[in-house]
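The values are calculated or read from the model by the stated rules, or taken from the named source; none is laboratory data. These figures come from a predicted structure and were not determined experimentally. Remember, those area values only see protein heavy atoms, side chains included, never the ligands or the DNA or RNA. Shrake-Rupley method; radii C 1.70, N 1.55, O 1.52, S 1.80 Å.
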Amino acid sequence: MRILVSIFALMIFAGLNAQTHVFKPLPYAYDALEPYIDAKTMEIHYSKHHQGYYDKFMAAIKGNSTLESLSLPEIMARMNEFPAAVRNNGGGYWNHEFFWESMTPGGSTIPDGALKNRIITQFGSMEKFLEEFKNAGLSVFGSGWVWLIQEKGTLKIVTTPIQDNPLMNVPVGTVNPLLAIDVWEHAYYLKHQNKRAAYIDDFIKVIDWNALSKRFDE
Ligand code: MN3
């Protein structure tokens, strides 16, 4: 009997493990980023938009054993092999998870260390970096994203349209994303209306620099 129970427990464990793609809980409460990002926007953004991308992604990969077993970064790397529904919804699923993990309640200051030194070396100062990042956000026409990535050891600010991201169609490990901001209107319209610049300023106040420093590969 005890052996049977153990086998049953193992089967459950294996079953749980087989679920490669999970919808993670938001790492903080909806109102945790107030007053910069408002609770209503967070609620709708996470529980409707992000959940919607996840659900549609799961529907798009259903029955495809390759897509069901590959990790998201592995799927991103081979995205040109897959249908548009996988690209748009897989991107939306991964991008938002990364976006939530780029912010922290109360914000943070960048710790002294390798990432700060690199930003100052490459961009001149923290202020200059943030100005470039903001300008990139303003330059996105329509819906898309801005990223700080590390590529071959170099920091780069890049933009992507719709739900694309810098991991798409490059080998896993080529690009190390450090920071992302969603500049779709649904990310800010309730609080900031058409003022994307004000939204980016507020986003900057809640960046989780400790998380970025951990992602940075010295
Ligand atoms: Mn969004």
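Less than 5 angstrom separates the built amide H of Val206 from none of the residues sequence-distant by 5 or more or on a different chain.
Each stretch of four or more DSSP H residues adds -39500 (n - 2.57); spread over every residue of the chain, this sum gives -14500 deg cm²/dmol at 222 nm. Ligands, DNA and RNA excluded, the heavy atoms of Glu97 present near 30 Å² of accessible surface to a 1.4 Å solvent probe.
Evaluating kT/(6 pi eta Rh) at 20 °C and 1.002 mPa s, with the Kirkwood radius of the chain over Cα pairs in the Stokes-Einstein relation, gives 115 µm² s⁻¹. Rolling a 1.4 angstrom probe over region 69-218 with all protein chains present gives an accessible area of which 51% lies on carbon and sulfur atoms.
To the nearest 10, the accessible area of Glu151 is 40 Å² with a 1.4 Å probe. Shape class of region 26-116 from the Cα gyration tensor (axes a ≥ b ≥ c, square roots of the eigenvalues): oblate, since a/c reaches 1.5 or more and a/b does not exceed b/c.
The mean of 1/r over all pairs of different alpha-carbon atoms in region 70-127, once inverted, gives a Kirkwood hydrodynamic radius of 14.3 Å. Once you sort the root eigenvalues of the Cα gyration tensor of region 135-203 as a ≥ b ≥ c, which label holds: rounded (a/c under 1.5), prolate (a/b larger than b/c) or oblate (the other case)? Prolate, because a/c is 1.5 or more and a/b exceeds b/c. Checked against a 23 Å cut-off, the cross-linked pairs Lys156/Lys195; Lys40/Lys205; Lys56/Lys134; Lys40/Lys156 give Cα-Cα distances beyond that limit for Lys156/Lys195; Lys56/Lys134; Lys40/Lys156. Looking at region 38-218, the accessible area is 46 square angstrom per residue; that uses a 1.4 Å probe and ignores ligands, DNA and RNA.
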